[in-house]
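Computed from the coordinates by the stated procedures, all read-outs in this text should not be read as laboratory data. Quick caveat: nothing in here was measured; it's all calculated off a predicted structure. When we count neighbours, we look across all protein chains shown, and the Cβ atoms used for this are built from the backbone with ideal geometry, even at glycine.
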Amino acid sequence: ACHGSVGRAACEGCGAPIDFDDFCQRVRTSIKDIYGVDADAPAESSEMLCDSCQRPLLKPTTVLFGASLPQSFFEVLENDLPAADLVLVAGTSLVVSPANLIALAAPDSAPRIICDRNDVAS
């Protein structure tokens, strides 16, 4: 997953991971409910500090637009993709780089299956 996961969390500053259940509990007890559906939510939000560096930079390990992809994406692209028998790409229009490199860098012998709810660029 080149854009990370909403099922994991870490500190964006120091990279220290946090147990996901602990992260979810901190969200429930530290972040106000702007929709008014959780009667137990706090009235005001407070910082969720990283246990390792004490900075308020905890978030799901997703990569948002404009941020750098993790180094592991480029390692897989370089080390594993050349040996692929099949390449499955999901959730991209193939317009934004470097994600579009996955289909382009696949071996000529590997079939490519590209799935996206929008038209895919040629």
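Brief remarks follow.
- Rounded to the nearest 5, the antiparallel percentage of DSSP beta bridges internal to the chain is 65%.
- For the stretch 56-101, the list of chymotrypsin sites (Phe, Trp or Tyr not before Pro) that fall in a loop by DSSP and count at most 11 other C-beta atoms within 10 angstrom reads 65.
- Cβ-Cβ FRET estimate between residue 38 and residue 8, R0 fixed at 22 Å, reported to 0.05: 0.45
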